[in-house]
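Heads up: the structure comes next, in structure tokens.
The values are calculated or read from the model by the stated rules, or taken from the named source; none is laboratory data. Model, not experiment: these values are computed from the prediction. Every residue, glycine among them, receives a Cβ derived from its backbone with ideal geometry; neighbour counts consider all protein chains shown.
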């Protein structure tokens with residue numbers, strides 16, 4: 001079941017990382033990725049399947065860890081989450097090119113969630129840069 005709270009939440013209503021829309025969407029993405037890997041050929045279990053699972057879990061895990069640490073460390077964790085989302089994007093392109101999965105509805109749904117997550121993470125990174133300065137390095 002997909003759980004996503006209202007987009008117009010103000011900062012005061014975010015009590016922990018679970019209230020973040022981007023965390024909720026990335027959790028939904030992980031669930032969909034786990035559905036997808038069940039459809040992949042078994043010979044991909046050591047490569048593509050484990051990479052997809054690892055990358056999908058990395059997104060919401062890094063959002064949670066970064067939010068919990070806060071401050072300047074937050075940007076680093078959000079960048080790692082963005083990198084993991086980009087990794088999934090690349091892996092999905094390979095799956096499509098090799099025709100490894102015939103469920104285009106699931107692939108489209110995953111891609112749609114992934115694009116939203118990437119946009120949200122990109123916005124978060126930009127906002128953190130503005131808050132701590134452009135030259136800030138994590």
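When the test is whether a residue is at pLDDT 95 or above, part of a helix (DSSP H, G or I), surrounded by fewer than 18 Cβ atoms within 10 Å (Cβ to Cβ) and touching a helix residue (DSSP H, G or I) at 6+ places or on another chain (Cβ under 9 Å), residue 89 passes it.
Just to be sure, is residue 40 surrounded by 13 or more Cβ atoms within 10 Å (Cβ to Cβ) and either at pLDDT 95 or above or assigned to a helix (DSSP H, G or I) (or both)? Here the answer is no, as residue 40 does not meet what is asked.
Any residue in region 118-134 that is within 13 Å of residue 32 (Cβ to Cβ) and part of a helix (DSSP H, G or I)?
Within region 118-134 (the criterion being within 13 Å of residue 32 (Cβ to Cβ) and part of a helix (DSSP H, G or I)), the answer is no, since none of the residues qualifies.
When 58, 126 are screened for being free of Cβ contacts under 8 Å to residues at least 12 places away in the same chain and under 22 Å from residue 20 (Cα atoms), only 126 passes.
Which of the residues belonging to region 10-37 are over 20 Å from residue 103 (Cβ atoms), at pLDDT 85 or above, out of contact with any helix residue (DSSP H, G or I) (no Cβ under 6 Å at 6 or more places or on another chain) and not in a loop (DSSP other than H, G, I, E, B)?
Passing the criteria: 18, 19, 21, 24.
Going by what's in this entry, would residue 7 be described as over 13 Å from the mean Cα position of the chain (by Cα), under 17 Å from residue 121 (Cα atoms) and either at pLDDT 95 or above or outside any helix (DSSP H, G or I) (or both)? Judged against the criteria, residue 7 is a match.
Each residue in region 92-123 was checked for being closer than 14 Å to residue 22 by Cα and surrounded by fewer than 16 Cβ atoms within 10 Å (Cβ to Cβ), and 5 of them qualify.
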